[in-house]
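**Student:** This is the structure, below, for whatever I ask next.
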C-alpha cells in the first residue's frame with residue numbers, strides 16, 4: 001500500500017477562492033471499504049449487505065470504476081456473501097477482451113457492444129424480478145444509456161433463489177471499485193419525481209458570431225426510477241445538448257443536460273428547455289434567455305487552479321475528477337496521469353459551480369479512493 005497525499009488541497013479561480021480537501025487513502029488489495037459510499041476488490045472477494053433484503057421486484061443502480069484495461073472483474077447480487085462466481089445470481093462483468101457483458105443463465109452475453117476504459121465511471125442499472133428469476137441490465141456512459149440485456153435469466157446455479165441481500169465483486173487484475181449503490185422500486189411503482197438545479201438560464205450578452213453553453217442538473221428526488229423520454233428546446237438561437245434522452249435515473253441519482261445560445265441576430269431572445277419523462281411532475285421546463293450583441297463575445301478568462309501536498313511511499317501520479325453535482329458522478333479531466341500535485345482547469349464557464357476530487361496512483365497503476373470534495377463557484 002502506498003501512502004496518501006497530504007491535506008491543503010486548494011483551488012483558485014482568478015478572483016481567488018480557497019478551500020481545503022481531506023486526505024487521499026490508497027486501498028490495499030482485497031479491501032472492501034474505500035469510503036463511506038464505495039467498496040473495492042483487488043485479488044479477493046469484497047461484499048456489502050444491501051440496506052434491505054429483496055424478495056420481489058426492485059431497481060438497483062451503482063457506479064463501477066475499473067482501474068485497468070482488459071481486466072476480468074465481476075460485480076453483482078447474491079443471497080449472502082459471495083465467495084465464488086456461482087454465488088452471483090445477477091452479474092455484470094468487465095471482461096478480458098475490453099468489453100462489458102452480463103450473465104444470462106449459463107453464459108455471459110451483451111445485447112450491445114460496450115467497450116470500457118480505465119478510471120472511467122460506468123453507471124449500471126439492474127431491473128430485477130426475483131419471483132421470475134430475471135433481470136434487465138443497462139449501462140450509462142457519458143449520459144447515454146445502453147441496454148446490456150433484457151429478460152436475462154439468473155445464473156443457472158441461482159435459478160431458484162428467493163432473496164437477494166448482498167452486493168459482491170471480485171477483480172484479479174487491477175482494482176474494481178463500485179460506489180453510490182441505490183435501491184428503489186422499478187419503473188411503474190413508487191413515485192418518480194424529477195427536479196432541476198435551476199428554473200431558468202440567463203446567457204447574458206453573447207456576440208452574434210459566438211455562443212455560450214450552460215448546464216442543468218436533473219435529480220430524481222422521488223422513490224421510483226425516472227425514465228427521460230425527450231429533451232427539447234424551443235426558441236430562436238437555443239439548442240439542447242447532452243444525451244439524457246432515454247436515460248433511466250434512479251432515486252437520488254442525477255443526469256446533466258446542456259443548453260447553448262448562439263444568437264442569430266442582435267436583440268433579446270427567449271426560449272424553453274423541456275424535459276419529458278414518466279415523472280409525476282413532468283414535463284419539466286427551464287426558461288432560457290439571452291441577448292445577441294454586435295460586440296464579439298469575449299472568451300471566459302476563468303480557470304480553477306488545483307494543488308495538494310504530494311504523496312509518498314509509492315505514489316507516482318494523480319488524477320483529477322469533476323462533476324456539476326455535489327457527490328458525483330465524477331468525470332476524469334486530465335488526459336494523462338499527472339506527475340505533479342497540481343492541475344489547472346481552464347474549461348470552466350461563468351455562472352457555473354464545479355465539484356472536484358483527486359485520486360493518487362501507484363506504480364502498479366492502482367488508484368486511491370476519492371479525496372473529499374471541494375467546490376468552485378465561477379463568477
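The values are calculated or read from the model by the stated rules, or taken from the named source; none is laboratory data. None of the values given here were measured: they were computed from a predicted structure. Cβ atoms come from the backbone with ideal geometry, glycine included; neighbour counts cover every protein chain shown.
**Student:** Being part of a loop (DSSP other than H, G, I, E, B) and at pLDDT 80 or above is the filter; apply it to segment 18-65 and report the residue that is nearest to residue 360 (Cα to Cα).
**Tutor:** 42
**Student:** What about residue 97, is it in contact (Cβ under 8 Å) with a residue 12 or more places away in the chain and not in a strand (DSSP E or B)?
**Tutor:** Considered against the rule, which asks whether it is in contact (Cβ under 8 Å) with a residue 12 or more places away in the chain and not in a strand (DSSP E or B), residue 97 comes out as yes.
**Student:** Also, I was wondering about something else. So residue 317 ticks every box in (1) modelled with pLDDT under 85; (2) exposed (fewer than 15 other Cβ atoms within 10 Å of the Cβ) but one. Which box is left unticked?
**Tutor:** Failing condition for residue 317: (2).
**Student:** Out of the residues in segment 176-196 that are at pLDDT below 80 and under 21 Å from the mean Cα position of the chain (by Cα), which is nearest to residue 237 (Cα to Cα)? Break it down into steps so the answer makes sense when it comes.
**Tutor:** Within segment 176-196, the subset at pLDDT below 80 is 180, 184-190.
Next, from what is left, pick out any that are under 21 Å from the mean Cα position of the chain (by Cα): 180, 184-187.
Working: 180: 38, 184: 39, 185: 40, 186: 38, 187: 35 Å.
Taking the candidates together, the pick is 187.
**Student:** In addition: Check residue 90 against each of (1) in contact with a helix residue (DSSP H, G or I) (Cβ under 9 Å, 6 or more places away or on another chain); (2) crowded, with 21+ Cβ neighbours inside 10 Å; (3) closer than 26 Å to residue 366 by Cβ and name the one condition it does not meet.
**Tutor:** Result: residue 90 fails condition (3) only.
**Student:** What are the pairs, 6+ residues apart or on separate chains, where a residue within segment 113-133 that is free of Cβ contacts under 8 Å to residues at least 24 places away in the same chain has its Cβ under 9 Å from a residue that is assigned to a strand (DSSP E or B) and buried (at least 20 other Cβ atoms within 10 Å of the Cβ)?
**Tutor:** 113/100; 115/100
**Student:** On to the next question. Pick from segment 141-156 the residues that are surrounded by fewer than 14 Cβ atoms within 10 Å (Cβ to Cβ) and not in a strand (DSSP E or B): which of them is modelled with the lowest pLDDT?
**Tutor:** Per the stated criteria, the residue is 142.
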